[in-house]
Amino acid sequence: MDRRDALAKMFGAKGVRVNTNRGDEYYDSLRKKIEKRLSELRNSPAASKVDIEKVLDAEGLSRRDFMKWASATCAMLMLPASFTPLVAEAAELINRVPIVWLELQDCAGNTEAILRSDSPTIDELILETINFEFNETLMVAAGHQAEEHLDEVIEKFAGNFICVVEGSIPVGAGKEWCTIGAKGETFEEHLLRVAQNSAAVVAVGTCATFGGVPAASPNPTGAVGVQDIIKGKPIINIPACPANPANITGTILHYVMTGQVPELDYLNRPKFAFGYRIHDNCERRAHFDAGEFVEEWGDEGAENNFCLYKVGCKGPMTFNNCSIVRYNSGTNWPIGAGHGCIGCSEPDFWDKYAYERPMADANIKAPTGGVEKTVDEFGLGLLTAAGIGIAIHAFASAAAGKKEEV
Ligand code: SF4
Ligand code: SF4
């Protein structure tokens, strides 16, 4: 598949949607706001020397590819198609907004997911043009030099930079499980110092959002997410393990365009990315409805790409757009590759979801609703109950399937 096909596959019309609940007045006012903001950014000095045109050229991508991406991203952000030129301009101006990227208790998997792509998507290329004023994984400076640079950045861009955080914050045992720099600052002190001076905080990956794997039982370091530490600042959570570059780019673009955070769900996740339930956009859903399941690894059901619910898929309880955006340049995603969703974009995912048996095997309460839930309904504490709902449905549809066979 060539790059253009991959892009079309990633950002085709399927799965993306415009928020039709809002009227013309809302969008007229939003357009004016975005135009004003972009005009201010256009007249501000480019903080980064890397511009998108050069990066696209180097990858052999045309302006047409870029505009195709802008159109799809516009839809992903739930904006009308007429906003496409504004999205394109925001992508060109993304290097005007300084970013401080903090690496805390994690595996650097989110950074790696962006850097290791041998066939980068336009989202990944746009991230290359971002003005990283500070990023310990990527920058040359180290030790005292790096610390001095961070102090300078905080002072120079106070109130105007985005603080991106990757990794959890250990607050157990006097908070000294992890320290950083020659002054022995704890991760919590480090985060507080930077975040308090930022315009907004973007927590990237499930460790930074909800504690992730470091917070799994028995959570020896007392790991927590950014929102447990930072108060009084806009916080945007982009969970998943790793976070999808399309969602990172979309969130930063939204901020570049409007100077505000996108609409968020009850877990502070952008609705444009986490308003989708895996189960509702899954290519195996027809098999779920028909009661056709993989019963054990390697069986005939697995060969026929049947539903993975009975071998532990947590797609019915998980909100993320990876079934639409996919990973590895849009090539595939976990369920497409044959393994169930392990709920990596949900809180406590490692303890609650990352095992290969159905949710209904867990010690959970009786169902209070059907299987069709929106993200905010799940926020009312119905996750485990929905697990039972799904199990009942799975059983009933399996029975129906058998009946038809007779
Ligand atoms: S249970 Fe999992 S594999 Fe089955 S349809 Fe739902 S998301 Fe897809
Ligand atoms: S399928 Fe589930 S576990 Fe896999 S990346 Fe998507 S949300 Fe995470």
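Restricting the stretch 120-138 to residues that are part of a helix (DSSP H, G or I) and acidic (Asp, Glu), which is farthest from Leu104 (Cα to Cα)? Checking each candidate, the answer is Asp123. Considering the stretch 271-316, and only residues there that are among the charged types (D, E, K, R) and within 18 Å of Pro239 (Cβ to Cβ), the residue that is farthest from ligand 2 (Cβ to nearest atom) turns out to be Lys271.
All of Leu253, Leu267 fail the test of being out of contact with any His (no Cβ under 9 Å at 6 or more places or on another chain) and surrounded by 23 or more Cβ atoms within 10 Å (Cβ to Cβ), apart from Leu253. Of the set (1) crowded, with 19+ Cβ neighbours inside 10 Å; (2) modelled with pLDDT of 95 or more; (3) not basic (Lys, Arg), all apply to Val325 but (2). For the stretch 245-266, the count of residues that are away from ligand 1 (no atom under 16 Å from the Cβ), among the acidic types (Asp, Glu) and in contact with a Phe, Trp or Tyr (Cβ under 7 Å, 6 or more places away or on another chain) is at least one.
Which is within 23 Å of Thr121 (Cβ to Cβ) and out of contact with any Pro (no Cβ under 7 Å at 6 or more places or on another chain), of Arg37, Arg42, Arg63?
Details: Arg37 fails: within 23 Å of Thr121 (Cβ to Cβ); Arg42 fails: within 23 Å of Thr121 (Cβ to Cβ).
Sole residue among the options that is within 23 Å of Thr121 (Cβ to Cβ) and out of contact with any Pro (no Cβ under 7 Å at 6 or more places or on another chain): Arg63.
Quick grid of which residues meet (1) part of a helix (DSSP H, G or I); (2) among the small types (Gly, Ala, Ser):
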position	(1), (2)
Ser44	no, yes
Asp57	yes, no
Phe66	yes, no
Thr73	yes, no
Ala91	yes, yes
Thr111	yes, no
Val140	no, no
His149	yes, no
Val153	yes, no
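Checked against (1) touching a helix residue (DSSP H, G or I) at 6+ places or on another chain (Cβ under 7 Å); (2) at pLDDT 90 or above; (3) within 21 Å of Trp69 (Cα to Cα), Pro85 meets all criteria but (1). Of note, Gly205 satisfies the criterion of being at pLDDT 95 or above and either at positive phi or open to solvent by less than 10 Å² (accessible area, probe 1.4 Å) (or both).
Among the residues of the stretch 160-168, is there at least one that is surrounded by 17 or more Cβ atoms within 10 Å (Cβ to Cβ) and of a type in the set (Ser, Thr, Tyr)? Quick ask: steps written out before the conclusion?
Residues of the stretch 160-168 that are surrounded by 17 or more Cβ atoms within 10 Å (Cβ to Cβ), as a first pass: 161-168.
Remaining after also requiring of a type in the set (Ser, Thr, Tyr): 168.
Yes, the stretch 160-168 has at least one match.
From the list His287, His279, which residue is open to solvent by 30 Å² or more (accessible area, probe 1.4 Å) and either within 23 Å of Cys241 (Cβ to Cβ) or not acidic (Asp, Glu) (or both)? Being open to solvent by 30 Å² or more (accessible area, probe 1.4 Å) and either within 23 Å of Cys241 (Cβ to Cβ) or not acidic (Asp, Glu) (or both) holds for just one of His287, His279, which is His287. Lys310 passes every criterion in (1) under 30 Å from Asn268 (Cα atoms); (2) at pLDDT below 95 apart from (1). Here the stretch 345-360 is the region considered, the condition is being within 13 Å of ligand 1 (Cβ to nearest atom) and of a type in the set (A, V, I, L, M), and the residue that is nearest to Thr206 (Cα to Cα) is Met359.
The values are calculated or read from the model by the stated rules, or taken from the named source; none is laboratory data. Worth saying up front: this structure is predicted, and the values here are computed from it rather than measured. Backbone-built Cβ (ideal geometry, glycine too); neighbour counts: all protein chains shown. When the accessible area is computed, the model is the full protein with side chains, heavy atoms only, and any ligands, DNA or RNA have been set aside. Shrake-Rupley method; radii C 1.70, N 1.55, O 1.52, S 1.80 Å.
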